[in-house]
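Reviewing the structure listed below.
The values are calculated or read from the model by the stated rules, or taken from the named source; none is laboratory data. If you're wondering where the values come from, they're calculated on a predicted model, not measured in any experiment. With ideal geometry, Cβ positions are generated from the backbone for all residues, glycine too; neighbour counts draw on all protein chains shown. Heavy atoms of the whole protein, side chains included, go into the accessibility calculation; ligands, DNA and RNA do not. Shrake-Rupley method; radii C 1.70, N 1.55, O 1.52, S 1.80 Å.
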Number of protein chains: 2
Amino acid sequence: MNEDNSVFIGEKPFMNYVTAVVMQFTTKGATEVVVKARGKFISRAVDVSEVSMKRFMDNTIEVKKIKTDSEEFENKEGKMVRVSNIEITLAKK
Amino acid sequence: MNEDNSVFIGEKPFMNYVTAVVMQFTTKGATEVVVKARGKFISRAVDVSEVSMKRFMDNTIEVKKIKTDSEEFENKEGKMVRVSNIEITLAKK
């Protein structure tokens, strides 16, 4: 699967992301879409996946895999901080 | 596995939850611990899991399963809102 099937969740309006996911499946014919997020946007990635599946795709797609990870970074104050990330793979049933 | 092995993530200090997870594995001899959260606390559940695994349990535990779901509720204004949840099952390797 190529990177075009990824939707990276940030601070744009919520429905932008839902539309992006749904469009991948409907008009672009994707069989899988990966919803990705880091840090505080992880909750939003789950919301986008749930709303896409249940409200828009009428349960014709499902969660195929969920992967979490984290990386350590040095922040502006020189302190090491760990930032988590998530990848939710949605697939046609 | 009984419900005692669940850690429900809320707004208490972050390390309370990490300690709860680590204690289940170390002093209570659990082989699995389920980290649960709803709504905005989902990001925090991933953070708690990652920090518990990588910083405290020295990679002796791993993510066995991640499950997401959502439920619709009527909020105070009478509007239907969907709230997502996550269950991260951590297990001894």
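Structural remarks
- Against the conditions (1) modelled with pLDDT under 95; (2) on the phi < 0 side of the Ramachandran plot; (3) polar (S, T, N, Q), B:Asn59 satisfies every one except (2).
- Conditions (1) in contact with a Phe, Trp or Tyr (Cβ under 6 Å, 6 or more places away or on another chain); (2) farther than 13 Å from A:Thr68 by Cα: number failed by B:Glu74: (1)
- Restricting segment A:23-77 to residues that are over 12 Å from the mean Cα position of the chain (by Cα) and β-branched (Val, Ile, Thr), the residue that is nearest to B:Leu90 (Cα to Cα) is A:Ile61.
- Strands (runs of 3 or more DSSP E) lying entirely in segment A:1-80 (those with 2 or more residues that are open to solvent by 60 Å² or more (accessible area, probe 1.4 Å)): A:61-74
- B:Asn5, sole failed condition from (1) within 12 Å of the chain's Cα centre (by Cα); (2) farther than 28 Å from A:Ile9 by Cα; (3) at pLDDT 95 or above: (3)
- For segment B:1-50, the set of residues classified as among the acidic types (Asp, Glu) and in contact with a strand residue (DSSP E or B) (Cβ under 8 Å, 6 or more places away or on another chain) consists of B:Glu32, B:Asp47, B:Glu50, listed by residue number.
- B:Lys28 vs. criteria away from every other protein chain (no Cβ under 11 Å) and among the basic types (Lys, Arg): yes
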